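Each reported figure results from applying straightforward, stated rules to the coordinates on display, with no laboratory input. Since we're looking at a predicted model, the values are computed, not measured. Virtual Cβ from ideal backbone geometry, glycine too; neighbours counted across all protein chains shown.
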Amino acid sequence: MNSGQRILGGGVQHVLDYLRRMQAESPAFFYAVQGENGSSNGNIFWADATARMNYHYFGDSIKLDTSCRANGYRVPFATFTGLNHHAQPVLFGCALLFNESEDSLVWLLQTWLQAMSGQTPVSITTDTDHLIQMAVAHVLPETRHRLCKWSIIRETKEKLTHVCQTHPTFETEFMKCVNGSETIEEFESQWKSFLERYYLTDNEYLQSIYSACRHWVPVFMRETFFGDILSDQDNDAKNTFFNGYVDASTSIQLLIKQYEKALTIWHEKELKADLDSTNTTPVLKTPSPMEKQAANLYTRKVFIKFQEELVETLANPATKIDESGTITTYHIAKFGEEHKAHTVRFNTFELTANCSCLMFEFSGLICRHVLSVFRAKNVLTLPSQYILKRWTINAKTGSGSTVEEHRLELPSNSQESLTMRQNSLRQEAIKFVEEGAKSIHHYNVAVNALKEAAKKVAAAKKKNADKTLVNNLVNGSNLVVDEGDTDLVDSGQSKEEKEQKIRELTAELECVNQQSEVYRANLLAVLKDMEEEKLKLSVKVQNARLSLKE
């Protein structure tokens with residue numbers, strides 16, 4: 001145990017016990033400890049089945065937050081997060097970093113990548129630490145690396161406190177230069193003027209962040225997908241997933257409790273957003289068929305952003321400036337803001353468009369400038385290439401997701417489908433409760449159907465148990481097996497091959513049992529909800545009868 005672990009005492013063992021227990025309960029739960037074979041580094045990483053499945057759907061852009069130590073937290077907690085289809089923070093894994101050497105950070109990234117089946121992200125946002133930058137370059141050389149803009153802005157305020165106090169407009173001008181620049185040339189010009197205005201041309205700190213501007217100033221990052229579609233994403237790698245659950249005072253003894261609480265809350269928020277997106281109809285603001293199409297495709301939060309862009313086309317007319325073959329070039333500018341014009345190249349034959357603002361490339365959502373051209377060219381619905389599935393209601397269903405499904409290789413092949421079935425069944429059960437509770441008649445029909453379903457699930461579980469391929473394992477060799485499974489005891493197999501077969505069959509049995517337990521638990525939960533609803537309805541009926549008698 002290293003010095004960091006000794007300071008945190010028995011809490012580390014509590015975390016390890018929790019991780020071992022979770023892995024025993026679920027074969028898809030992943031955890032690893034650095035240097036288990038005698039090294040004293042002792043960093044710990046873990047990711048549950050849900051985190052790994054979420055990465056499968058939303059792992060195009062990730063954020064690694066290791067700022068807890070720099071910010072004086074009691075626990076060296078680090079997280080891998082991203083955004084789901086509702087633009088909510090989603091977890092891809094956690095770590096305890098007792099050692100932050102370059103080797104340890106390389107181990108962390110390699111271990112995380114292993115847990116994610118080697119599937120590399122398009123982009124990653126991290127803190128500004130140079131060791132992290134070196135580790136990312138080593139492990140993820142093809143991934144676009146962005147430094148946390150929020151951290152740089154905060155550090156700038158701290159380093160130049162005296163300037164901020166002397167010049168109240170300094171911070172506003174700095175933010176305008178960083179966030180308001182539409183082109184690289186505009187940023188370069190504004191940065192030079194900014195330094196001259198405040199006599200900071202020779203300031204070493206500002207020189208250092210300028211030398212790294214291509215890794216944190218937004219105008220340099222637009223050609224790469226980062227998924228930042230909403231203004232509240234300006235905090236970059238700030239740990240929004242555990243914000244309010246883990247802070248500087250959180251002890252390691254409380255960490256797991258707060259970790260599980262955050263998981264539960266965000267899961268509930270995602271379910272609520274799922275229901276809002278599938279069961280409500282947003283108010284349309286235009287007669288455009290494209291708006292109606294988007295309302296049916298996108299999640300509510302993403303649709304609202306799309307709707308803003310669509311409405312803005314009314315104030316951003318497209319003017320044709322050139323035509324060459326199938327390519328037409330348009331000039332798009334808001335009334336009175338010609339200096340902020342953008343250029344769109346439209347291919348009439350392929351119905352494709354490229355805008356100089358690069359909003360689609362950066363966020364996966366089409367911009368007002370391209371929409372203005374579509375409007376001018378009478379393109380009434382969104383071409384399929386501009387509908388990024390990761391932002392749609394069906395982001396987690398079927399094939400064709402942002403990430404190829406076959407890349408996810410969990411320890412048990414059954415566990416992947418199990419997690420997907422859990423999510424699907426949970427959503428269907430919630431819809432069932434809502435429909436079944438609408439009246440006493442609906443309720444009685446629903447309860448009878450659920451009781452019948454519970455019997456069928458129990459029968460299926462018994463049937464699977466009766467057909468168990470592995471009934472006993474004694475000293476690693478003595479087995480009672482199904483008569484049809486003769487290849488398991490084939491004398492031509494080596495001891496290692498037989499043991500591997502035993503492990504595979506045992507894992508398969510465990511997954512089948514887990515599946516049955518999940519079905520049973522979900523059905524019981526639905527029955528409980530409906531019993532409570534029946535009680536409420538009965539009270540209402542009784543009160544109504546009493547009112548009539550009076």
Given the peptides 276-286, 383-393, 118-128, arrange them by the average over their residues of other C-beta atoms within 10 Å, most packed first. 118-128, 383-393, 276-286
Cβ-Cβ cut-off under 13 Å around residue 69, Lys and Arg +1, Asp and Glu -1: the net charge is -3
Distance in nm between residue 495 and residue 205 label points, each 7 Å along Cα→Cβ, equals 6.6
What net charge is computed for the residues neighbouring residue 351, neighbours being all others with C-beta under 14 Å from the C-beta of residue 351, Lys and Arg scored +1, Asp and Glu -1? +2
I want to check the label-to-label distance for residue 269 and residue 256. Put each point 7 Å from Cα in the C-beta direction and report it in nm to one decimal. 2.5
So if each residue of separation counts as 0.36 nm, and I subtract the Cα-Cα distance between residue 320 and residue 278, what length gain in nm does that give? 11.2 nm
Gain in length, residue 249 to residue 545, computed as 0.36 nm per residue apart minus the alpha-carbon separation, to one decimal in nm? 101.0 nm
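For the range 327-378, what is the convex hull (Cα atoms) projected area averaged across all directions, in square nanometres? Provide the component values of the computation, followed by the final result.
Working: hull surface 14.6 nm².
Mean projected area for the range 327-378: 3.7 nm², to one decimal.
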Working out 0.36 nm times the residue gap between residue 189 and residue 341, then minus their Cα-Cα distance, what length gain in nm do you get to one decimal? 53.0 nm
Suppose R0 equals 25 Å; then what is the FRET efficiency for residue 176 and residue 308 from their Cβ-Cβ distance, rounded to the nearest 0.05? 0.70
